[in-house]
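Before any comments, here is the structure.
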Amino acid sequence: MSRSKYMKITAIILGLLVLSGIGFYVFSHKDNVQTEQVANENVIQETTVKEEVAKEEVLTPVQKYYKENLEQDEINFLNKAKNSKNNDLEFSKLQTKFIKATDVLNEKYIENIDPENPYYRNNWVKVLYVEGCYIYAVNSEYLLEKYGKYLSPAYNEWLKFILKRESVMQDAGLMVPPDTLREYIISIEKFVEQYPDFVLIGDAKDILDSYLMTYLEGIDNSPIFDKWNTRKMLPEYKASYEKFLAENKDSKYYPMVEELYNKSKANDFNWDRDFDAWLYKYHKKYFVK
C-alpha cells in the first residue's frame with residue numbers, strides 16, 4: 001500500500017472517531033439536559049402541590065365552610081339556570097342555604113371575625129356591625145351581580161330591597177328617618193300588589209307588617225312619643241304622617257295612618273295612659289291576626 005493511500009485511510013478513521021465522539025457528546029449532553037428538565041419539572045410540580053396544600057392550610061373557616069357546603073350548590077344552580085328562564089324557585093332555595101350558612105358561621109366563628117379580610121368584600125358573605133359587634137351576613141349585592149341575569153324582574157327588585165333593609169333597624173331602634181320608612185312601606189306595598197305570585201311573597205308581606213308596626217307604634221329605642229320629657233309626638237313622626245295623608249291617599253294603609261293621626265291630634269299629640277290603652281286596641285285591630 002502506498003504511503004499516500006495509507007494516509008487517506010488514517011485520516012478517514014480519525015475523522016470517524018472525532019464524529020462519533022461529537023455524536024456521543026451531543027447525545028449525552030441532550031440526555032443530561034432532558035434529565036435536568038424532567039427533574040426541574042418534578043420540582044415545579046412538587047412546589048405547586050406544596051403551594052396548593054399551603055393555600056388549603058390558610059383557608060379561613062368561612063372559606064372552608066363554603067367549599068364544603070355551598071360551592072357545589074352554586075355550580076349546580078348556574079349549570080341549570082343557563083338553560084332555563086324560570087329560576088326563581090331554585091334560587092330561593094340557594095339563597096336559603098346562604099342564610100342558614102351565615103347562622104352557622106355566626107354561631108361557631110363570630111368571635112374570630114376579621115372585618116378587614118378582603119374575602120368579605122366581593123363574596124357571598126360579608127361582615128356587618130350590628131348591636132355593638134361584627135356578624136356575618138349574606139351579601140345580597142354579590143347575589144344580584146352574579147345571578148340577577150338569571151332571575152325575574154321581581155327577584156331583582158327584591159334583592160335590591162334587601163340591600164336597603166340592612167340599614168333600617170338595629171338594636172331595637174330605627175336607623176332611618178320615619179319618612180324614609182314611609183317610602184319603604186309604600187314601595188313594598190306596590191311590590192306586593194305588582195308581584196302577587198312572587199316566590200317570596202310571604203317574606204315581603206311579613207316585612208311590610210313589621211315596617212308598618214314600627215312606623216305607627218314605634219319600637220323600644222325609637223318611640224313615636226317623647227314619653228320622658230315633652231310627652232309629645234316626635235315632630236319627625238308627625239310630619240311624616242301628614243305627608244302620608246297628603247301624598248299616599250291610594251295606599252290601602254291610609255285608614256290606619258289616618259286613624260292614628262286623628263286620635264293623636266284629638267289628644268293634642270300628647271302621650272298618656274289613656275292613649276296607650278287606645279293604642280292597644282288599635283294594635284289588635286290591625287296587626288293581630
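The values are calculated or read from the model by the stated rules, or taken from the named source; none is laboratory data. Note that the coordinates shown come from a computational prediction; the quantities given were computed from them, not determined experimentally. All Cβ positions, even for glycine, are placed from backbone atoms using ideal geometry, and neighbour counts span all protein chains on display.
Looking across the range 206-228 at every residue that is of a type in the set (S, T, N, Q) and either part of a helix (DSSP H, G or I) or touching a Pro at 6+ places or on another chain (Cβ under 9 Å) (or both), the one that is farthest from Asp272 (Cα to Cα) is identified as Ser210. Met213 meets each of the listed conditions (1) aliphatic (A, V, I, L, M); (2) more than 30 Å from Asn156 (Cα to Cα); (3) at pLDDT below 95 apart from (2).
The condition of being assigned to a loop (DSSP other than H, G, I, E, B) and either among the hydrophobic types (A, V, I, L, M, F, W, C) or surrounded by fewer than 19 Cβ atoms within 10 Å (Cβ to Cβ) (or both) holds for only one of Asp179, Asp203, Asp197, that being Asp197. For residues that are hydroxyl-bearing (Ser, Thr, Tyr) and part of a loop (DSSP other than H, G, I, E, B), scanning just the range 84-136, find the one that is farthest from Leu200 (Cα to Cα). The qualifying residue farthest from Leu200 (Cα to Cα) is Tyr109.
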